[in-house]
């Protein structure tokens, strides 16, 4: 029978007058939470003592705590999401009200609902009684919504503006916020959109959790900096002195990360991973800042992960694999250390690069270079081309830099680019190398670029279009229409998307590498070698800076020119994209050996028969070079 209006108001008043639950979130979890085999590697009753550092975090989410926002910046494998799931169970059972849980995408929200929230409800007797079986008619239990007496749990993705403003919510659980899009459906920052949903509730609670990503862009880092910045201090089992766990204190024999131990910074005792259990049990959170008075912030690395989850040896092994690869190293810093990754956006010192120039001959591929690529930047009155030789571990040598003067709307300058494409370059071992890939930017004189590339045939020429964002150096190509002699040719040429922002950051990281001493060779991966080019080249190579900007309420890093000319940087980035498309990032030992054998065999044969066998035979220019870099004349 339907309730009257008076009965509804009386019920609401009674609910509002109800005192806060006596249990905290951690006490509720110990009493009622059961981990499912579907969602946990350790099924059975929840035990806060297994992850004692989560107790204070969960209790800050309890109604008895005055904290409004709880921020958890962390590494992987520490139980942060399960902490939030305990809070969800607590709200359903002890403090009902409207609640919203947000994942980076709607698809992830659906997956999380099936893999974590459904088992949370199914395995707890008290929750099963409050959330009806989804198979019953009008149960109010769907994939993205769970109704219960006094409230509802709505799950959505940060990529859906409609989902974020679908309802007012007293409780907000925002998971992996560094994975949220910067702008959702042109309505601004998703965190600001969803935070507005709780604005009318006087006793709201917001839980923000994430592994951090990029310095200056990380939402969790920004929220943590507004908090009281608590860190978990643990005692040494030997001397009893408290300290925070730092990766710098891990040590292991060279090449044997499985033997990693933790060295106490006070007494230098060598602690084994199994001793971590005792250390965690006696640990305590200590704030390191005043904060805004309403936000409790917690930071924890994966070094605190309980015994059996992620060991110190696992961290050491992961670091050994990542230390020579910037991409893997970023994953290590984010997911193990729980720290942001600083993009290599500060321009290197051009003077330092100029001073460490080498004496190899311009136009000659030095020893170590195993294949040659080119990158072409198109301007109104010229083409500028860098040629870079690549070797093992992405070590690279600028082989030549050529400027072809001429109106790029006319065919003459493109004919000269064809000559350059078919030039072979001498290798110091006596072989000659042709250009295996040339990447040409199509941002200017687009139809002329398309027409020229189509004339060269498929394979060696890549028409590119740059994008600031991207998770891979070069993406999948798309076919575009070409206008040729007044005729429109559908699907006339492929255009390859290039993640210029990512490649500039990578290049700047390489340019900052120190030149090794004789004793410490070989060169570090990605080391860039340069011949005796003038100052102008190095000024152009370092002509951009990564600058943070605020766009529609969210922070964004943009590449900004610090001087007018930057063609050297653009062409080098194109060379990197060309090397990626050639397959360099996927090369194994057999590929490098095959290239070395090709060059070795070519050096023992007559020059005219020594072109790389896997490529079309290029045309050799006369011995006196007719194409020359204008840099040499400055």
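Picking from residues in region 50-66 that are surrounded by fewer than 19 Cβ atoms within 10 Å (Cβ to Cβ) and touching a helix residue (DSSP H, G or I) at 6+ places or on another chain (Cβ under 7 Å), the one that is nearest to residue 88 (Cα to Cα) is 59.
For region 165-198: of the residues being more than 17 Å from residue 209 (Cβ to Cβ) and outside any loop (DSSP other than H, G, I, E, B), which is modelled with the lowest pLDDT? Ranking the candidates gives 197 first. Mind checking whether some residue in region 487-494 is within 28 Å of residue 449 (Cα to Cα) and either at pLDDT 85 or above or not assigned by TED's automatic domain parsing to the domain that holds residue 571 (or both)? Taking every residue of region 487-494 in turn, at least one turns out to be within 28 Å of residue 449 (Cα to Cα) and either at pLDDT 85 or above or not assigned by TED's automatic domain parsing to the domain that holds residue 571 (or both). Note on region 248-298: residues that are touching a helix residue (DSSP H, G or I) at 6+ places or on another chain (Cβ under 6 Å) and in the same structural domain as residue 55 (by TED's automatic domain parsing) amount to 4. The lone criterion from (1) farther than 30 Å from residue 226 by Cβ; (2) buried (at least 23 other Cβ atoms within 10 Å of the Cβ) left unmet by residue 191 is number (1). Inside region 435-458, residues that are in a loop (DSSP other than H, G, I, E, B) and modelled with pLDDT of 85 or more make up a count of 5.
Scan region 564-581 and give yes if some residue there is part of a strand (DSSP E or B), at pLDDT 50 or above and on the phi < 0 side of the Ramachandran plot, otherwise no. No, there is no match, as no residue in region 564-581 is part of a strand (DSSP E or B), at pLDDT 50 or above and on the phi < 0 side of the Ramachandran plot. Six or more apart or on different chains, Cβ under 9 Å: which pairs go from a residue in region 128-140 that's loosely packed, with under 10 Cβ neighbours inside 10 Å to one that's assigned to a helix (DSSP H, G or I) and modelled with pLDDT under 60? Could you list them? Sorted first by the residue in region 128-140, then by its partner, the list stays empty. Picking from residues in region 199-222 that are touching a helix residue (DSSP H, G or I) at 6+ places or on another chain (Cβ under 6 Å) and part of a helix (DSSP H, G or I), the one that is modelled with the highest pLDDT is 220. Of all residues in region 223-277, those being buried (at least 20 other Cβ atoms within 10 Å of the Cβ), under 26 Å from the mean Cα position of the chain (by Cα) and part of a helix (DSSP H, G or I) number 2. Confirm whether residue 232 is farther than 30 Å from residue 183 by Cα and assigned by TED's automatic domain parsing to the domain that holds residue 51. Yes: the conditions hold for residue 232.
The values are calculated or read from the model by the stated rules, or taken from the named source; none is laboratory data. These numbers come from a predicted model, not from an experiment. We place every Cβ from the backbone using ideal geometry, glycine too, and count neighbours over all the protein chains shown.
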